[in-house]
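Q: Have a look at the structure that comes next, please.
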Amino acid sequence: MTRSLVVSIDAMGGDHGPSTTIPGLALAVQNSKDNLTFIIHGNEGGLAPELARHPSLAGRFEIRHTDKVIASDEKPANAVRRGRGSSMWSAVECVKTGEAHAAVSCGNTGALMAISLLILRMSVDVERPPLVVSWPGRKGVSTVLDMGANIECDAERLVEFAILGEAFHRAAHGVARPTVGVLNIGSEDVKGHDEARKAHAILKSGKFDIDYRGFVEGDDLSKNTVDVVVTDGFTGNVALKTAEGTASYIIEELRAALTSTLGAKLGALLARPALRIFRDKMILPPSAPFLGLNGLVVKCHGGADARGFGQSIGLAIDLAKSDFASEIERNMTRLTAAMEAAPVDEAEELSGDA
């Protein structure tokens, strides 16, 4: 074990609560070379039996008891007003106080974002922290953002997302110099709406230390044409839900075909290891960190299993060990200087109708 890292856990969030989150902690410990400890927030009576089933966690946790839980259908505004003292609120607050390096929750996405924003505030001038996903494709994964937090984005926001996404991809996926593209309806400079074209011109101007490759299209997501794909939250969320629905449809149809006859069932039995690999590649990872906060908060999918929750903890650890936050701060300083300087000629030129 090489380093002591503390992760704050909302143990009560998600569809399954402690029956998923606690086994997830055990898997994270098993898969990590670091000395992990946890501050676990939730009902002590409900947590104790689950913790007793995992002796590998002995001596690695502290329980912060609370009976208060943010419901899955709680409106973000209500969560902010009434959420103080809940397992989610307390988990994020530990990052604010410096007791933990990161917080992880399977709870209500809107509530977690609102609480994190209120407690930690933004380190960058973004209305809300963009959601990022690691999008599976032919060559590995691409980082795609925003996935729904910021519905409308101007050019400066898209450039900020490029900076955030590039730093995240380097920290999470170990790529020394990630390539970056802006999602558009075509690869030509004159395609797309004004803000996308302005962001394209600013990134292409060379004012930032970013390997910018230009516009990419929807089919480039699964090709991993670039490492980081930038878009507004409306477009990103539509793309995400479309991909999730398509993946679910393919998996269901394949399952139906492989159980339709006795011969198909025998073939599926023999091919089970390969089919599991196929299924895992089709499903988007369960972790979506909020980027740009004054602290690390990772959202795990509400329906995730123990493996998925363990993966989310692993991502939080990778980000905590990286130069992620300071790198973002350095590039944001460059962005501020560039935006305060004279407008980029090409951005002005491209702001007209195509």
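Q: Output the residue which, of all residues in the range 1-18 that are among the charged types (D, E, K, R) and not in a strand (DSSP E or B), is modelled with the lowest pLDDT.
A: Step by step, filter the range 1-18, then rank; the result is Arg3.
Q: Considering only the range 1-33, how many residues are hydroxyl-bearing (Ser, Thr, Tyr), free of Cβ contacts under 8 Å to residues at least 60 places away in the same chain and in contact with a strand residue (DSSP E or B) (Cβ under 7 Å, 6 or more places away or on another chain)?
A: From the range 1-33, those hydroxyl-bearing (Ser, Thr, Tyr) are 2, 4, 8, 19-21, 32; that's our starting set.
From what's left, free of Cβ contacts under 8 Å to residues at least 60 places away in the same chain: 2, 4, 19.
Now restrict to residues that are in contact with a strand residue (DSSP E or B) (Cβ under 7 Å, 6 or more places away or on another chain): 4.
The number of residues fulfilling the criteria is 1.
Q: Give all pairs with beta carbons closer than 8 Å in which a residue from the range 264-288 that is more than 22 Å from Ala172 (Cβ to Cβ) meets a residue that is hydroxyl-bearing (Ser, Thr, Tyr); count only pairs at least 6 apart in sequence or on separate chains.
A: Qualifying pairs under 8 Å: Lys265/Thr259; Ala268/Thr259.
Q: Say whether the condition of being surrounded by 16 or more Cβ atoms within 10 Å (Cβ to Cβ), part of a loop (DSSP other than H, G, I, E, B) and in contact (Cβ under 8 Å) with a residue 24 or more places away in the chain is met by at least one residue in the range 228-238.
A: Let us first name the residues in the range 228-238 that are surrounded by 16 or more Cβ atoms within 10 Å (Cβ to Cβ), namely 228-233, 235-237.
If we keep only those that are part of a loop (DSSP other than H, G, I, E, B) as well, we get 231-232.
If we keep only those that are in contact (Cβ under 8 Å) with a residue 24 or more places away in the chain too, we end up with 231-232.
The answer is yes; a qualifying residue exists.
Q: Ok, one more. Would you mind stating whether Leu254 is part of a helix (DSSP H, G or I), at negative phi and among the hydrophobic types (A, V, I, L, M, F, W, C)? Walk me through how you get there before you give the answer.
A: Numbers: part of a helix (DSSP H, G or I): yes; at negative phi: yes; among the hydrophobic types (A, V, I, L, M, F, W, C): yes.
It is true that Leu254 is part of a helix (DSSP H, G or I), at negative phi and among the hydrophobic types (A, V, I, L, M, F, W, C).
Q: Here are Thr37, Thr21: which of them is assigned to a helix (DSSP H, G or I) and either hydroxyl-bearing (Ser, Thr, Tyr) or within 17 Å of Ala103 (Cβ to Cβ) (or both)?
A: Details: Thr37 fails: assigned to a helix (DSSP H, G or I).
Exactly one of Thr37, Thr21 is assigned to a helix (DSSP H, G or I) and either hydroxyl-bearing (Ser, Thr, Tyr) or within 17 Å of Ala103 (Cβ to Cβ) (or both), namely Thr21.
Q: Checking Arg82 against (1) free of Cβ contacts under 8 Å to residues at least 12 places away in the same chain; (2) touching a Ser or Thr at 6+ places or on another chain (Cβ under 8 Å); (3) not hydroxyl-bearing (Ser, Thr, Tyr), which single condition isn't satisfied?
A: Evaluating Arg82 over (1) free of Cβ contacts under 8 Å to residues at least 12 places away in the same chain; (2) touching a Ser or Thr at 6+ places or on another chain (Cβ under 8 Å); (3) not hydroxyl-bearing (Ser, Thr, Tyr) leaves (2) as the failure.
Q: Please pick out the residue among Val92, Val132, Val124 that is closer than 26 Å to Gly218 by Cβ and touching a residue at least 40 places away in the same chain (Cβ under 8 Å). It would help to see each step written out before you state the result.
A: Details: Val92 fails: closer than 26 Å to Gly218 by Cβ; Val124 fails: closer than 26 Å to Gly218 by Cβ.
Criteria check complete, one pass: Val132.
Q: Something else now. Quick one: which residue in Ala77, Ala48, Ala71 is in the same structural domain as Gly310 (by TED's automatic domain parsing), without any contact (Cβ under 8 Å) to a residue 24 or more places away in the chain and of a type in the set (A, V, I, L, M)? Step through it out loud before you land on a result.
A: On the way: Ala77 fails: without any contact (Cβ under 8 Å) to a residue 24 or more places away in the chain; Ala71 fails: without any contact (Cβ under 8 Å) to a residue 24 or more places away in the chain.
Answer to the selection: Ala48.
Q: Separate question: Please determine, by comparing only the residues of the range 40-70 that are assigned to a strand (DSSP E or B) and either hydroxyl-bearing (Ser, Thr, Tyr) or more than 22 Å from the chain's Cα centre (by Cα) (or both), which one is surrounded by the fewest Cβ atoms within 10 Å (Cβ to Cβ). Before you say what the answer is, go through the steps one by one.
A: Let us first name the residues in the range 40-70 that are assigned to a strand (DSSP E or B), namely 40-42, 61-65.
Subset that is either hydroxyl-bearing (Ser, Thr, Tyr) or more than 22 Å from the chain's Cα centre (by Cα) (or both): 42, 61-65.
Details: Gly42: 29, Phe61: 19, Glu62: 11, Ile63: 17, Arg64: 18, His65: 13.
Among them, the one singled out is Glu62.
Q: Here is a further query. Can you name every residue in the range 173-200 that is buried (at least 21 other Cβ atoms within 10 Å of the Cβ) and of a type in the set (A, V, I, L, M)?
A: Of everything in the range 173-200, those that are buried (at least 21 other Cβ atoms within 10 Å of the Cβ) and of a type in the set (A, V, I, L, M) turn out to be Val180, Val182, Leu183, Ala196, Ala199.
Q: In the range 287-303, which residues are at pLDDT below 90, more than 18 Å from Val69 (Cα to Cα) and small (Gly, Ala, Ser)?
A: Listed by number, the residues that qualify are Ser287, Ala288, Gly292.
The values are calculated or read from the model by the stated rules, or taken from the named source; none is laboratory data. What you are looking at is a predicted structure, and each value in this text was computed from that prediction instead of being measured. Cβ: placed from backbone, ideal geometry, glycine included. Neighbour counts: every protein chain shown.
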